[in-house]
1. State all residues of the range 150-200 that are more than 15 Å from T135 (Cβ to Cβ) and small (G, A, S); if no residue qualifies, say none.
2. Hey, can you tell me all the residues within the range 202-252 that are of a type in the set (V, I, T) and within 12 Å of R80 (Cα to Cα)?
3. From the list L118, L125, L98, which one is touching a Cys at 6+ places or on another chain (Cβ under 8 Å), farther than 30 Å from R253 by Cβ and touching a residue at least 12 places away in the same chain (Cβ under 8 Å)?
4. Give the residues of the range 336-349 that are crowded, with 18+ Cβ neighbours inside 10 Å and of a type in the set (A, V, I, L, M, F, W, C), sorted by residue number.
5. Consider only pairs whose beta carbons are under 8 Å apart and that are at least six residues apart or on different chains; among these, list those whose first residue lies in the range 170-196 and is closer than 19 Å to L75 by Cα and whose second residue is within 16 Å of the ligand (Cβ to nearest atom) and among the basic types (K, R).
6. Can you name the number of the only condition in (1) within 21 Å of the chain's Cα centre (by Cα); (2) part of a strand (DSSP E or B) that K149 fails?
7. Scan the range 292-341 residue by residue and report those that are closer than 22 Å to T257 by Cα and β-branched (V, I, T).
8. Enumerate the helices (runs of 4 or more DSSP H) found wholly within the range 37-128, keeping only those where 1 or more residues are of a type in the set (D, E, K, R) and either under 29 Å from A361 (Cβ atoms) or within 16 Å of the ligand (Cβ to nearest atom) (or both).
Amino acid sequence: MSHSEERRTSKTGDQFATRLIHFGAEVDQATGASSVPLYQASTFHHASIDAPPQYDYTRSGNPTRQALEDYIAGLEGGVRGFAFASGMAAISTAFLLLSAGDHLICTEDVYGGTYRFLTVVASRLGIETTFVDMTDLDAVRAALKDNTKAVYMETPSNPTLKITDVAAVAAWAKECGLLTLLDNTFMTPYHQRPIEQGVDVVLHSATKFLGGHSDLLAGLAVAADENIAVRLKMLQNSLGSVLGVQDSWLLMRGMKTLQARMEHSERSARKLAAWLAERPDIARVYYPGLADHPGREIHERQSSGYGAVVSFDTGSGEAARRLMDKVRLPLVAVSLGAVESILSYPALMSHASMPQEVRHARGIGDGLLRFSVGLEDADDLIADLEQALAR
Ligand SMILES: *Cc1c(COP(=O)(O)O)cnc(C)c1O
């Protein structure tokens, strides 16, 4: 066995931090190069017309993208990964595992783009969705119909970080013969590995924590078993919304530091949440790490950490606007999960298309802000919020 083969086969048992760096393709087999080569090619030569090459056309497969797909599959504990041009490309492709006449049960506080795809596009293709409070197992069970085929989860949810009991929903879904899908963007495989809880398909907006630098749009899907993997592969190749070669490389570059970034940001997020919770001018703080956060014990059973997103209610739209005007450090923007902190205003950004009554009913008031904690010094972030909150 060559040294490099030995490198490749001695990975079992390694801890997550080690697997992030030694993921199998970290050393180029042909040259020993320290990063995955960019195979910037759309097509591949058939040396013998009777023996097609391993890769023949980049939509169907590309060695750089394959390295990324194997990387995420390994981290999530699935059998195969798939890389897409965006999180929505991954999510919408996975929904096409369903067919006309099928019914889906989906968490009610799902990501806005997912809600739009299901209500505007999937509905037109004859795929019907019931949105339920996924934290309520009875509500999930009650939504079951004869034609239900799948359950879609997101936990913690956006922006109020509601917790779904993944193992309980997945076990019930399995009993009923349903496919389970879960958007793991907020936790990443560092904190939460849904396949270990019985989920069939894990999805990511890799634009967020996995990429980690606000410089890339990407989506990933991981299949728990070979049967689903074959169907997802067919859909990825048929729909063609694959991730480009350069972006595949850039995403792998970001993923190598996932644990280092998540650890730092989470530590700061805990500190920030605790500080906010003490302030009389903050009406409410949403963070799974707070002692009184609903579903905290469930979250602790299924995740190794609380993540880097903290939402808080300033009490009014006026107070939220004043704070956004006065903060100096965070980027005031949509998106999350980057080296820089990002402050979002759900009422006018991610949830602007939701009718006000629905928004308010889901706890997304006009004073709610979402803080994605980056890699700045935590005390500097707190000092910045303090000066922005001062009257
Ligand atoms: C951003 C996001 C998406 C969509 O991903 P894109 O990369 O923007 O297409 C899906 N789910 C969650 C939870 C997100 O935050």
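Rule-based calculations on the coordinates, nothing more; no lab input. Quick caveat: nothing in here was measured; it's all calculated off a predicted structure. Methodologically, a virtual Cβ is constructed for each residue, glycine included, from the backbone with ideal geometry; neighbour enumeration extends over all protein chains shown.
1. A150, A171, A173, G177, G198, listed by residue number.
2. Those that are of a type in the set (V, I, T) and within 12 Å of R80 (Cα to Cα): V202, V222, I228, V230.
3. Checking each option against the conditions leaves just L118.
4. Those that are crowded, with 18+ Cβ neighbours inside 10 Å and of a type in the set (A, V, I, L, M, F, W, C): L336, A338, I342, L343, A347.
5. T185/K208; F186/K208
6. (1)
7. V309, V310, V339
8. Filter on the range 37-128 gives 63-76, 112-116.
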